[in-house]
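Everything on this sheet refers to the single structure shown next.
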Amino acid sequence: MVKVAVIGVGAFGREHARVYSEVGTSDVAFICDIDESRGRPVAEHYGANYVSDYRELIGQVEAASVTVPTESHATIASELLKAGIALLVEKPIARTTEEADMIIEASRQSGSVLQVGHLERFNPAVMAAARITTQPRFFEAHRLSVFTPRSLDIDVVMDLMVHDIDVLLSLVKSDVTEVRAAGVPILTPRIDIANARIEFANGCVANLTASRVSAERVRKLRFFQPGEYVSIDYAVQEAAVVSVKPRPKGRPEFESRLLAIEQSEPLRLEIESFLSAIQGAPVKVTGEDGKRALALAIDVTERIREHAAKAGVSLTS
């Protein structure tokens, strides 16, 4: 049993604690939150110890999930990794690539496992589609959410679009050559709706849209590759493929099929992967993966700011 801690038990942190308690290979030994009124009840629920200072975890646990606001990732993660604690750090890995480098270097120096919480990589539909991906040429993603008061310390690019950015980068094995983007604030001073057009050196193009002020919840990704069209619905964990088969005469033949998928909770798969990495298995979403997604998300945000400035729109950093 791996002794683990969850640092930050807001809505998502509580889900981490729940899954750790269910997987059977980990023991929720500590709950850490600066707000005792929030952290202590969670600790009592899981029979864990409560602490308000993450430094008290050093020497007490083998692993931890860092589910605090992004602004605190670099400080907490660097110190705990240097102390030998394996970490699952929620996305985005940090606020800046320099902070990401701090975290990655701390992991490298100590040899402690570092995994970044890009949850959609563990969506069974994404994993099934990844197995049949060849040379994708065009992507289109829509990630729309109704407004909630969570994650308002970051904009919609870092909150939502970064999920699709990470999946995109995991499927396209090529460097980004150009980014164009636009976005607007609606209910907050930050970017609430964003669209990005991303071009790669190999000719692949991606069009990503994210909104956190929509009337409905949509989580879909589509891509085209030679002879095939692949459609992923993250929410229902379904992936469909339409194959085009040329015929000597007449119209080509179209064949549609659903990929075989064993549905499961992505967070559970992510945490199981993290716990396996502690035992020596490969890390599926590395610190470098997290940094690459962060760097592209920052680039998208900068292009949006340039576009907004030309239009005379003010955005909060």
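The values are calculated or read from the model by the stated rules, or taken from the named source; none is laboratory data. In this text the structure is predicted, and so the values were computed from the model without any measurement. Cβ placement follows ideal geometry from the backbone for every residue including glycine, while neighbour counts extend to all protein chains displayed.
Looking only at the stretch 129-144, how many residues end up being in contact with a Leu (Cβ under 9 Å, 6 or more places away or on another chain), surrounded by fewer than 21 Cβ atoms within 10 Å (Cβ to Cβ) and of a type outside the set (Lys, Arg)? Residues in the stretch 129-144 being in contact with a Leu (Cβ under 9 Å, 6 or more places away or on another chain), surrounded by fewer than 21 Cβ atoms within 10 Å (Cβ to Cβ) and of a type outside the set (Lys, Arg): 6 in total.
The rows are residues; the columns are (1) in contact (Cβ under 8 Å) with a residue 40 or more places away in the chain; (2) surrounded by 10 or more Cβ atoms within 10 Å (Cβ to Cβ).
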site: 235; (1), (2): no, yes
site: 238; (1), (2): yes, yes
site: 245; (1), (2): no, no
site: 250; (1), (2): no, no
site: 259; (1), (2): yes, yes
site: 263; (1), (2): yes, yes
site: 270; (1), (2): yes, yes
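Do we have residue 166 as crowded, with 23+ Cβ neighbours inside 10 Å, without any contact (Cβ under 8 Å) to a residue 60 or more places away in the chain, part of a helix (DSSP H, G or I) and assigned by TED's automatic domain parsing to the domain that holds residue 302 here? Here the answer is no, as residue 166 does not meet what is asked. Out of the stretch 31-75, which residues are among the aliphatic types (A, V, I, L, M) and closer than 15 Å to residue 110 by Cα? Matches in the stretch 31-75: 58, 63. Residue check: is residue 188 part of a loop (DSSP other than H, G, I, E, B), more than 28 Å from residue 71 (Cα to Cα) and either hydroxyl-bearing (Ser, Thr, Tyr) or not assigned by TED's automatic domain parsing to the domain that holds residue 232 (or both)? No; evaluated as a whole, the condition is false for this residue.
Among the residues of the stretch 82-118, which ones are part of a strand (DSSP E or B) and of a type in the set (A, V, I, L, M)?
If the condition is that a residue be part of a strand (DSSP E or B) and of a type in the set (A, V, I, L, M), then 86, 87, 88, 89, 114, 116 are the ones that fit.
Does residue 188 satisfy being in contact with a Lys or Arg (Cβ under 9 Å, 6 or more places away or on another chain) and of a type in the set (Ser, Thr, Tyr)? Here the answer is yes, as residue 188 does meet what is asked. Summed over the stretch 191-207, the residues that are modelled with pLDDT of 95 or more, assigned to a loop (DSSP other than H, G, I, E, B) and among the charged types (D, E, K, R) give a count of 0.
The strands (runs of 3 or more DSSP E) falling completely within the stretch 208-261 that include 3 or more residues that are at pLDDT 95 or above and not charged (D, E, K, R) map to 218-225, 228-233, 238-245.
Scanning the stretch 73-96 for residues that are touching a residue at least 12 places away in the same chain (Cβ under 8 Å), among the hydroxyl-bearing types (Ser, Thr, Tyr) and within 20 Å of residue 33 (Cβ to Cβ) yields a single hit, 78.
How many residues, within the stretch 1-16, are surrounded by fewer than 24 Cβ atoms within 10 Å (Cβ to Cβ) and under 23 Å from the mean Cα position of the chain (by Cα)? Working first, answer last.
Start the filter on the stretch 1-16 by keeping residues that are surrounded by fewer than 24 Cβ atoms within 10 Å (Cβ to Cβ), which leaves 1-3, 10-15.
Okay, now just the ones that are also under 23 Å from the mean Cα position of the chain (by Cα), so 10-15.
Total meeting the criteria: 6.
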